[in-house]
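Working notes, beginning with the structure itself.
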Amino acid sequence: MSNTYPASDEFVADAHIDAAKYEEMYSASITDPDGFWREHGKRIDWIKPFTKVKNATFDFGNVDIKWFEDGTLNVSANCIDRHIVTRGEQTAIIWEPDDPKAPARHITYRELLEQTSRMANVLKEHGIRKGDRVVLYLPMIPEAAYAMLACARIGAVHSIVFAGFSPDALANRINDCQAKAVITADTAPRGGRRTALKSNADKALFDCSDKVKCLVVKHTGDQTTWVDGRDIDLKAEMAAASPYCPYTEVGAEDPLFILYTSGSTGRPKGVVHTSGGYLVYAAMTQQYVFDYHDGDVFWCTADVGWVTGHSYIIYGPLANGAITLMFEGVPTYPDAGRFWEVCAKHKVNQFYTAPTAIRALMGQGTEWVEKHDLSSLKLLGSVGEPINPEAWNWYNENVGKGRCPIVDTFWQTETGGHMITALPGAIPAKPGSATKPFFGVVPEILDPATAEVQTGTAAEGVLCIKESWPGQMRTVWGDHERFMETYFSQYKGYYFTGDGCRRDEDGDYWITGRVDDVINVSGHRMGTAEVESALVAHEAVAEAAVVGYPHDIKGQGIYAYVTLMNNVEPTEELRKDLVKWVRQEIGPIASPDLIQWAPGLPKTRSGKIMRRILRKIAEDDFGALGDTSTLADPSVVDELIDNRMNRA
Ligand code: 6R9
């Protein structure tokens, strides 16, 4: 039995959901999903109320997912306008800049309405209409929130590209969704340094249609090049635009956003989320999972470039009329106490971050935490990867002071919101386990080989979901076949998460990590295929195979086996050059941590690279190499072992 940590009686007494309520609501959500979601669908405002609730099939070949399909709404009106009467002067967004000496900003719901409207009017003036795509390539600044909500206001579909991605990655996404405009900023300050976003966008736009407009937020005032007729000074035009823009009525199933994410094969996929179901689900999970109460200050440290930022900085909290904190900087600037300084400064009540950040700060010692008053904290959250016991304990003892429940939230870009997580007043935390499913979520563990459902309480296998939930992605942008193939072909009748999972004797779920060729680096998803194709695009590289390996801080690191072209000498300089190359091709998050020169790669006789073996070598686990007799040339394995990189 693992240790469990129930919330205090005081916490439970005030919680939205206690144990009895969880049981009752969970069971209602499963036995009568239509009745359950008909009720909870009302938590948002509809222009035309829905009469239909769930209409979804996971049948391979016909996958079709619809929620609240005949209802109409506007997401921006739900996140702003409906709060104006009751909380127009309340803070919606607290913005904390990268530089701790610069002033923080408190943006009220009324100001949010004005700024969003102004930006929406500028978009309209430049021809953006309902259904058009707009790519956002922005720092963590209030304009990122305005831009998301301005798109939603006019029914345009945003696609945020994380500001750490390269010009190439940006161009690919602009082209894939055929965006009409890009919204960017001059430069992005982070950790005291500046990323030249506009100049990256300029490079990307070389590879895009010359019709794509570029709306630039002059954030730092740094010098940039300017293309007349294409580039637009967004702040200046906002200042001149009307401060009110009526919202556009959209269907529940009209797309709200596209977010590109890595899979096991090919290029990143455009995950499509629609308006009604997504908003209901993001808002409901934000309230219940974090036990958010009116007036609380909620801080999710993610970047809006990831799904966590979409659902838990912007849409969930704002739909609930919450106070949400947006932080431009990094946890270690100007020092390793920054997170805690910000918690103390803004009296944060719920704090939500990733294990990789906890591990990095843990390494800096407890004095950074002790310096700051964390008495406002009521709850802590974790997301992005399994949290190891050391990090859990450190978080619990030093940040939560043993009195804050910790919610370990398992979910994905594809799921829109939390799937498996403790509800803090109802389910005791169990370090390392995401514990129980959220309302409406039916997890099943399947045997990876036979696809048989594991019916015992204790079980191990791959994690699938049996029934649709409102926040589920609907399709891959422009490629419904790929959507079905990726998520519904392997285990017929189920949504396949790509994760391995164990269920213990208490029925609690433990996510054991990806079972496909996706690696999780500092909580960010990378497809090994993407890094490989970047490497082989270099003139010195003949072949490359990339795997993950255990990394103390990042969770997983990127380990690349590289075969060079004939006559190319493996030098330290070339190694550095390849790392730099991948950073340029994809972005810094894809930088290989280790590159091993591999004169040969282990291949089957039909030429397939046996990644299983490469993974084991990278993990320093040679006892478990398995059968190597099917290899075309088994001797390459010994060579790779002799020259492996990450020996202690
Ligand atoms: C929200 C987000 C999804 C993948 C997912 C899984 C891993 C996320 C986790 C977790 C264990 C948790 N993951 N949360 N693993 N415990 N609490 O991270 O979305 O970037 O799409 O990544 O992250 O492997 O499949 P995304």
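The values are calculated or read from the model by the stated rules, or taken from the named source; none is laboratory data. For clarity, every value in this text was computed on a predicted model and none was experimentally measured. Virtual Cβ from ideal backbone geometry, glycine too; neighbours counted across all protein chains shown. Each accessible area value is taken on the protein alone, full model and side chains, heavy atoms only, with ligands, DNA and RNA left out. Shrake-Rupley method; radii C 1.70, N 1.55, O 1.52, S 1.80 Å.
Between I595 and A560, the built amide H atoms are under 5 Å apart, and every one of these is 5 or more places off in sequence or on another chain. Based on the Cβ-Cβ distance from E452 to E370, what FRET efficiency comes out when R0 is 60 Å, to the nearest 0.05? The computed FRET efficiency comes out at 0.70. The GluC sites (Glu not before Pro) found in region 572-648 that occupy coil by DSSP, while having at most 16 further C-beta atoms within 10 Å, are E619. Which GluC sites (Glu not before Pro) from region 205-264 combine a DSSP loop assignment with at most 16 other Cβ atoms within 10 Å? For GluC sites (Glu not before Pro) across region 205-264 that sit outside H, G, I, E and B with at most 16 neighbouring Cβ atoms in 10 Å, the list reads E249.
D by Stokes-Einstein for region 61-220, Kirkwood Rh over Cα pairs, 37 °C, 0.692 mPa s: 195 µm²/s. So, with a 1.4 angstrom probe, what is the percent of accessible area on the chain that is carbon and sulfur? Carbon with sulfur: 49 percent of the solvent-accessible area. Taking 20 Å as the cut-off, the amide N atoms of region 402-430 that come nearer than this to a point 7 Å along the Cα-to-beta-carbon line of E460 belong to 430.
The simple spin-label model puts a point 7 Å past each Cα toward its Cβ; for A104 and I30 those points are separated by 4.2 nm. Note on N643 and D64: with the Förster distance fixed at 41 Å, the Cβ-Cβ geometry gives a FRET efficiency of about 0.20.
Rounded, prolate or oblate: pick one for region 481-566, where a ≥ b ≥ c are the square roots of the eigenvalues of its C-alpha gyration tensor, a/c under 1.5 means rounded, and failing that, prolate if a/b is larger than b/c, else oblate. Here region 481-566 falls in the oblate category. Of the two radii for region 339-380, the radius of gyration is 0.95 times the Kirkwood radius, both from the alpha carbons; that is the Rg over Rh value.
Which whole-percent values make up P(r) of region 89-161 when all C-alpha to C-alpha distances are grouped in 10 Å steps starting at zero? With 10 Å bins starting at 0, P(r) equals 21, 46, 27, 6, 0.
With coordinates expressed along the principal axes, the C-alpha atoms belonging to region 1-90 extend over 48, 44, 21 Å, beginning with the largest. Computed with a 1.4 Å probe on the full set of protein chains, the accessible area for W597 sits at about 50 Å². Extension gain for H16-E397 works out to 134.7 nm (0.36 nm per residue, less the C-alpha to C-alpha distance).
Once all protein chains are placed together, L380 keeps about 0 Å² accessible to a 1.4 angstrom probe.
Structural descriptor for the chain: relative contact order 14 percent, calculated from alpha carbon pairs under 8 angstrom and at least 6 residues apart.
Ordered by 1.4 Å accessible area with all protein chains kept, H273, H372 run largest first as H372, H273.
Between A236 and S8, the distance separating the two model label sites (each 7 Å from Cα on the Cα→Cβ line) works out to 5.5 nm. The stretch between K48 and V85, if pulled fully straight at 0.36 nm per residue, gains 11.2 nm over its current Cα-Cα span. Each part reduced to its alpha carbon centroid, region 1-30 and region 225-288 end up 34 Å apart. With the alpha-carbon atoms of the chain aligned to their principal axes, the span from lowest to highest coordinate is 73, 63, 56 Å, starting with the largest. For chymotrypsin sites (Phe, Trp or Tyr not before Pro), the sites in region 167-276 that DSSP calls loop and that have at most 14 other Cβ atoms within 10 Å are F206, W226, Y244.
Extension gain for D577 to I553 (0.36 nm times residue separation, less C-alpha to C-alpha distance): 6.2 nm.
In angstrom, the C-alpha Rg and Dmax of region 230-378 are 18.4, 52. With runs of 4+ DSSP H residues as the only contributors, calculate the mean residue ellipticity of the chain at 222 nm using -39,500 (n - 2.57) per run, divided by the residue total and rounded to the nearest 500. Taken over the chain, the calculation gives -8000 deg cm²/dmol.
A Förster distance of 25 Å, applied to the separation of the beta-carbon atoms of E481 and T512, puts the FRET efficiency at 0.25.
Taken per residue, the accessible surface of the chain reaches 38 Å², heavy atoms only and a 1.4 Å probe. Taking a ≥ b ≥ c as the square roots of the Cα gyration tensor eigenvalues, region 328-466 comes out prolate, since a/c reaches at least 1.5 and a/b is larger than b/c. Note on exposure: K347, K211 ranked by accessible area (1.4 Å probe, complete protein assembly) read K211, K347, with the most exposed listed first.
Measuring between their Cα centroids, region 318-357 and region 456-513 lie 31 Å from each other.
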